[in-house]
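Structure first, commentary second.
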Protein chains: 2
Amino acid sequence: MKKLINAVDDVVKEQLEGMALAHPDYVKVHFDPTYVYRADAPVEGKVALISGGGSGHEPMHGGFVGYGMLDAACPGEVFTSPTPDQMYEAALAVNGGAGVLFLVKNYTGDVLNFETAAELAYADGIAVQSILIDDDVAVKDSLYTAGRRGVGTTVLAEKIVGAATEARYDLKQCADLARKVNKYGRSMGMALTSCTVPAAGKPTFELGDDEIEIGIGIHGEPGMRREKMKAVDEIVDDMMAEILDDGPYARTVREWDNEHGEWIDVELIDPPFEAGDEIIAFVNSMGGTPVSELYAVYRRVAQICEGRDINIVRNLIGPYITSLEMQGFSITLLKADEEILKFWDAPVNTPGLRWGV
Amino acid sequence: MKKLINAVDDVVKEQLEGMALAHPDYVKVHFDPTYVYRADAPVEGKVALISGGGSGHEPMHGGFVGYGMLDAACPGEVFTSPTPDQMYEAALAVNGGAGVLFLVKNYTGDVLNFETAAELAYADGIAVQSILIDDDVAVKDSLYTAGRRGVGTTVLAEKIVGAATEARYDLKQCADLARKVNKYGRSMGMALTSCTVPAAGKPTFELGDDEIEIGIGIHGEPGMRREKMKAVDEIVDDMMAEILDDGPYARTVREWDNEHGEWIDVELIDPPFEAGDEIIAFVNSMGGTPVSELYAVYRRVAQICEGRDINIVRNLIGPYITSLEMQGFSITLLKADEEILKFWDAPVNTPGLRWGV
């Protein structure tokens with residue numbers, strides 16, 4: 001294993017220390033329990049947006065803390081869920097009196113721990129809602145997950161809902177917007193190579209010199225199928241077909257009902273993409289793929305959308321939700337209405353995403 | 001070779017097509033000869049800033065075309081110099097009447113071809129100056145290069161001088177600023193892995209499972225030495241010592257004298273870093289190294305600077321001047337005065353770097 005690290009046990013801590021040193025004006029890091037938070041938190045009267053999950057996906061989530069995006073992020077060890085006390089303490093630290101919204105990627109550990117944190121925060125008198133992101137069309141009920149995994153739409157949700165908190169949307173409005181973004185977003189990933197978790201010291205999985213994994217998860221979980229390497233256009237064609245031809249997706253999710261202080265079941269149906277849709281197209285590097293190759297991917301994505309009369313009105317291209325040094329990419333398409341575009345375009349000032357300021 | 005490409009011969013062309021499709025509002029691509037240029041070029045009365053070089057270093061240079069940075073970029077094939085007609089035609093296309101400034105990384109092919117282009121542009125009545133970037137302290141007179149190689153300072157120079165062109169600095173002022181940025185900047189890189197040029201189909205060099213190359217060039221050229229893998233802090237300590245303890249660097253460079261229409265020799269001496277300096281610290285991924293590991297690098301860079309009473313007043317952390325999918329990083333330190341900081345902070349709107357707009 002060759003990685004730019006010191007001791008394996010210090011990897012996450014030292015990377016966070018580096019981030020805090022690099023961006024002292026707008027990001028602070030609290031250790032024990034560990035969370036990244038806005039330097040100016042709590043922001044009075046603003047809903048606090050909090051996310052988190054295992055480390056190894058940087059810049060997500062810690063790199064998205066700042067004006068117009070997250071108020072706090074709770075990083076676990078690499079590919080390991082953070083603990084409830086991280087989320088609970090982060091909520092106490094950044095709550096500005098308007099409540100906290102948890103954005104939770106759909107992995108069993110994350111879901112359970114954020115549920116505990118929501119109950120703890122509520123018991124302390126903090127208004128809390130929690131929205132699940134489950135946008136990966138590749139697999140259902142996979143390793144680590146019941147239902148679909150939460151992947152690229154998380155980045156877009158953090159940007160869009162973060163902007164809504166700045167516009168002083170109240171907690172329910174923020175939760176409704178986050179739920180809509182999740183409903184409108186679909187993703188799929190692929191890998192050219194594995195990645196190596198520092199504590200494991202060897203690649204998470206083996207992939208032949210001429211093999212690729214279609215539908216890979218962001219922790220190196222198995223995908224839909226393993227294939228022989230082929231041209232990027234063919235790979236993108238297959239992945240875009242999975243995303244664009246995915247029918248209505250119905251499932252039941254648990255949400256915290258802050259008004260009654262209980263968990264409720266919510267029925268959700270994600271609408272499929274249709275001709276005439278306006279979308280945000282997000283082409284993401286898994287960490288080890290350079291931006292030059294992402295542009296080859298984007299070229300084909302744009303061609304396919306044009307052929308289906310789907311209009312890409314915004315795009316994001318780069319490494320935003322990664323899997324350590326894995327080579328590969330993911331595509332996220334998000335149906336975008338006026339509200340989503342307004343908040344997409346709003347200023348953002350974080351280590352990982354910045355414009356307008 | 002596993003890469004997200006179609007036919008090897010179409011790699012650069014299709015990546016550029018993808019970039020043009022992604023950013024139609026501010027970037028256009030001309031083919032035969034090939035150059036990327038600002039959608040609103042020529043900008044009347046503004047000096048046009050042009051750079052270029054082999055492809056494979058994206059986002060540099062094409063990803064830095066746009067408001068506040070480059071007016072045009074001339075991409076060669078992967079790791080291959082662009083031709084004089086690319087640079088000359090780009091100059092004709094983006095000259096807004098205030099002349100063109102070529103920013104040239106110090107590689108023999110780039111230098112020769114930009115010289116020819118400067119003569120062609122001058123012969124057409126376009127005011128032209130050309131500034132060399134030679135900031136790599138690792139090696140002198142290496143493969144491809146007489147003198148020091150041009151690396152990370154190029155990115156900073158494109159940002160800073162690009163902002164100066166927006167502020168309507170005249171051609172001589174822009175050239176003087178570019179020369180100062182080059183004098184104030186020093187860089188060094190290292191590699192954990194090789195990269196694979198698509199047309200070659202196999203890694204540029206071999207590196208053992210426990211080996212690293214210190215002082216690597218951005219084309220995979222040999223560095224100062226090969227070592228056993230060690231802790232990131234030790235690697236950064238060595239590289240920072242090379243940069244910070246590098247004495248005055250004296251050499252003669254050729255510059256085009258636009259007033260007299262001839263090449264002149266210019267004596268340059270780069271001052272070393274000193275306690276009390278304010279600097280911009282740039283930690284760059286070679287392409288395959290994720291941002292999480294860059295923060296571990298930055299942490300040590302910041303500690304070392306603090307220990308030497310050198311004040312990092314701005315930083316840039318991410319993949320900006322890459323070597324395809326190579327794993328590794330480079331450090332660039334730039335002594336920053338008031339003029340440099342003013343233009344660093346100015347708005348920029350390019351595919352690869354964006355803030356303030």
Spherically averaged projected area of the stretch B:215-301 from its Cα convex hull (nm²): 8.7
Output the residues of the stretch B:269-295 meeting this criterion: accessible area (heavy atoms, 1.4 Å probe) in the chain alone minus accessible area with all protein chains in place is 50 Å² or greater. B:Pro290, B:Ser292, B:Glu293, B:Tyr295
How much area per residue is accessible in the protein assembly as shown when the probe is 1.4 Å and only protein heavy atoms are counted (Å²)? 33
Listed residue (B:Thr193, B:Gly109, B:Ile126) projecting farthest to the positive dipole end of the stretch B:93-229, Cβ model: B:Ile126
What's the lysine pair count for the stretch A:137-256 at a Cα cut-off below 22 Å, pairs eight or more apart or interchain? 7
Quick one: which residues, 5+ away or cross-chain, put their amide H under 5 Å from the amide H of A:Tyr67? H built at 1.01 Å from N. A:Asn349
Nothing charged except the Cβ atoms of Lys and Arg (+1) and of Asp and Glu (-1): what's the magnitude of the dipole of the protein assembly as shown about its Cα centre? Round to the nearest 20 debye. 60
Quick one: longest stretch of chain B between exposed loop GluC sites (Glu not before Pro), exposed meaning at most 15 other C-beta atoms within 10 Å and loop per DSSP? B:45-205
Simple label model, 7 Å out from Cα along Cβ direction - A:Leu268 to B:Leu268, nm: 5.5
Could you work out what % of the accessible surface of the stretch B:1-105 is carbon and sulfur, using a 1.4 angstrom probe and leaving DNA, RNA and ligands out of the count? 49
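Just the number, please: Stokes-Einstein D of the stretch A:54-151 in µm²/s, Kirkwood Rh from C-alpha pairs, 4 °C, 1.567 mPa s.
After rounding, the answer is 94 µm²/s.
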List the relative contact order of the stretch A:238-293 as a percent without decimals, with contacts defined as Cα pairs under 8 Å and 6+ residues apart. 29
Of all C-alpha pairs within chain B, those more than 27 angstrom apart amount in percent to 42
Zero-based 5 Å bins, Cα pair distances in the stretch A:195-262, whole percents: 3, 12, 15, 16, 15, 9, 11, 9, 5, 3, 1, 0
Which percent of the accessible area of the stretch A:153-250 is formed by carbon and sulfur heavy atoms (probe 1.4 angstrom)? 49
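Report the charge-dipole magnitude of the stretch A:190-308 in Debye, nearest 20, computed about the Cα centre from +1 at each Lys and Arg Cβ and -1 at each Asp and Glu Cβ.
That gives the stretch A:190-308 a dipole magnitude of about 580 debye.
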What is the Cα centroid distance between the stretch B:52-91 and the stretch B:189-237, reported in whole angstrom? 25
Which shape class, rounded, prolate or oblate, goes with the stretch B:152-191 when its Cα gyration tensor gives a ≥ b ≥ c as root eigenvalues, a/c under 1.5 marks rounded, and past that a/b bigger than b/c marks prolate? prolate
State whether the protein assembly as shown is rounded, prolate or oblate according to the following rule on the C-alpha gyration tensor (a ≥ b ≥ c being the square roots of its eigenvalues): a/c under 1.5 gives rounded; otherwise a/b larger than b/c gives prolate, and the remaining case gives oblate. prolate
Percent of all alpha-carbon pairs of the stretch A:1-95 at distances over 23 Å, whole number, is 18
Distance between modelled label sites at B:Arg225 and A:Val357, nm, 7 Å Cα→Cβ extension: 4.5
Please return the longest range in chain B lying between exposed loop sites, taking trypsin sites (Lys or Arg not before Pro), DSSP loop only, at most 16 other beta-carbon atoms within 10 Å, and leaving the sites out. B:1-139
What value, in deg cm²/dmol to 500, does the helix sum -39500 (n - 2.57) over DSSP H runs of n ≥ 4 give at 222 nm once divided by the residues of chain A? -9500 deg cm²/dmol
Hey, got the dipole for chain B? About the Cα centre, +1 on K and R Cβ, -1 on D and E Cβ, debye to the nearest 20? 560
In nm, what does the list of distances from A:Gly261 to its counterparts in the other copies look like, shortest first, when each label sits 7 Å along Cα to Cβ? 8.9
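What translational diffusion coefficient, to the nearest whole µm²/s, does the stretch B:11-66 have by Stokes-Einstein, given a Kirkwood radius computed over alpha-carbon pairs, a temperature of 10 °C and 1.306 mPa s viscosity?
Working: Rh = 11.7 Å.
It diffuses with D of about 135 µm²/s by this estimate.
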Using the Cα gyration tensor of the stretch B:235-275, with a ≥ b ≥ c the square roots of its eigenvalues, what is the shape: rounded (a/c below 1.5), prolate (a/b larger than b/c) or oblate (neither)? prolate
Normalised radius of gyration for the stretch B:56-100, please: alpha carbon Rg relative to 2.2 N^0.38 Å, two decimal places. 1.19
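How big is the convex hull of the Cα atoms of the stretch A:255-357, per residue, in Å³?
On the way: hull volume 17.3 nm³, N = 103.
Roughly 168 Å³ of hull volume per residue.
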Pairs of alpha-carbon atoms within less than 8 angstrom and 6+ residues apart define the contacts here; what relative contact order does chain A have, in percent? 18
Value in Å of the Kirkwood radius, where the stretch A:87-225 supplies the Cα pairs that are averaged: 16.5
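If one takes the accessible area of chain A alone plus chain B alone and subtracts that of the pair, with a 1.4 Å probe, what total in Å², rounded to the nearest 100, results?
Result for this pair: about 4300 Å² buried.
The values are calculated or read from the model by the stated rules, or taken from the named source; none is laboratory data. Keep in mind that this is a model prediction, so the values were computed, not measured. Positions of Cβ are backbone-derived with ideal geometry, glycine not excepted, and every protein chain shown enters the neighbour counts. Areas reflect the complete protein model, heavy atoms only, side chains present, ligands, DNA and RNA absent. Shrake-Rupley method; radii C 1.70, N 1.55, O 1.52, S 1.80 Å.
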